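Just so you know, all these numbers are worked out from the coordinates, no wet-lab data involved. Just so it is clear, the model here is predicted, and its values are computed rather than measured. Because the Cβ atoms are built from the backbone with ideal geometry, glycine has one as well, and the counts that use them run over all protein chains shown.
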Amino acid sequence: MARRGPRWYFSFRSPYSWMAYRDLMDHYPDVADRIEWLPFWEPDTTAQEELERSNIRLPYVPMSKEKHLYILQDVRRLARARGLEMVWPVDPAPRWEVAHLAYLAAADHGLGPQFIAETYRRRWQLGEDISQPDTMASVGKEIGLDPHVTRDAHENPEIRDKGLQMLNLLHRDGVFGVPYFIDGFDKFWGVDRLPGFVESVRTRIRKEQVKEG
């Protein structure tokens, strides 16, 4: 299997992934344009059963109360440092496949970046529930896509199959959290590791340009 190029795993659930996204787009757009964007989410029961039949076990660990309280404090601090206005969304019945499979559907129509931008805005700036199919329909309409495409993506067999392929990729890459960046054999976990990933990608690009020149 050929080695994949530089890539990052993101999640709409994670505030750290949202901030890494903002840093990437605000400060490193040249790198954002050259890397592969891959979604990371906790599979639903059906997908989990499919993965287990293939002997794939994803490294999900339940969050302790202490860690949750720390994250609340830490995220506020990091958001203030970036000048970001955010709200903490309430997820009464989270179904993460709804948003992440909708992303795959939008990406198939060439609107992946637009979908990511709008979904992050809905969740972390407006506090909307992205587990609701109607929210995904609204996102689709906002970015110029048929609302049914994003609303029903989590029930589309072809998109669900593609989702399983994505989950298999993160299993192969050993991804255990987000944001997670990979360039060659080098791996970087966490929003504070983004500058190191950027430098790794830029250095490799410069070397390739020298060889071509």
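Assorted remarks:
- Burial order of peptide ranges 107-115, 68-76 (average beta-carbon count within 10 Å, highest first): 107-115, 68-76
- Cross-link table K162/K211; K141/K187; K141/K207; K162/K187, entries beyond 31 Å C-alpha to C-alpha: K162/K211; K141/K187; K141/K207
- Global geometry of the stretch 7-212, whether rounded, prolate or oblate, following the gyration tensor of its Cα atoms and the 1.5 cut on a/c: rounded
- For the stretch 7-212, the share of DSSP beta bridges that are antiparallel, to the nearest 5, is 65%.
- Additional length obtainable on full extension of the chain from Q209 to R172, 0.36 nm per residue less Cα span: 10.4 nm
- Packing-based order for 128-138, 152-162, using average beta carbon neighbours within 10 Å, highest first: 128-138, 152-162
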